[in-house]
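The values are calculated or read from the model by the stated rules, or taken from the named source; none is laboratory data. Computed from a predicted structure; not experimentally measured. Glycine gets a Cβ as well: all are built from the backbone with ideal geometry, and neighbour counts include every protein chain shown. We work out accessible area using only protein heavy atoms, side chains counted, and drop any ligands, DNA or RNA first. Shrake-Rupley method; radii C 1.70, N 1.55, O 1.52, S 1.80 Å.
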Amino acid sequence: MTDRPRDPAARPAPAARRGVLPLAVGAALLVYALDQLTKWWAVARLVPGVRVPVVDGLLWWQFIRNPGAAFSLGEDITWVFTLVMAVVSVAVALTLRRVRSRAWALALGLVLGGALGNLTDRLLREPGFGVGHVVDFIAVPRFAIFNVADCGVVVGVGLVVLLTLLGRELDGTRTGRGAGGTAAPGDGQPAGAPGPEEQARG
């Protein structure tokens, strides 16, 4: 009795695995490092509440400590946001174990770095562990004041939404269908495999 050969299309190609985890870790570390360094600079150099123009009328620095979420919502339940960010960070880290797509690795790495950046503030900054206030200092017209971690999360989530709309799976395959309702090569069905019509005739 011989073992049946495995279908090469059923597992990611070695090239698809290469560099995926380092890309995610690198993106997360970059966002985290930039976030913490810029927050250190803001605390050391900026006066709370005072505007420092950068691009006239379009961008300025304005240092605040935010106990809540965006737009200062939920200021009395800071610990809830700490818990949410901790859960998000763990969930993203666990999901990365299944990722074989560089695009997904980049997206989730950005989200992880941003979540860890703001989680660090919640855990280590005043007024205490788990209820620390997040340092925000980037200001633009008609929008909430934010930081680099927020940018990482927003860009990462935007990429996740785009990849989902494009039908990109975590393993790099596509869920989209070709013309006539048959799967196109590379969309989860091996090239050369019989389509539904051929299977029906067979």
Fill in: Around Gln62: net Lys/Arg minus Asp/Glu count, Cβ-Cβ under 10 Å
0
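For a quick protection proxy, order the peptides 48-57, 22-31, 99-108, 155-164 by their average other-Cβ count within 10 Å, most packed first.
Ranked from most to least packed, the peptides come out as 99-108, 22-31, 155-164, 48-57.
Go through Glu169, Glu126 and list them by solvent-accessible area, largest first, probe radius 1.4 Å.
Highest to lowest solvent-accessible surface, that is Glu126, Glu169.
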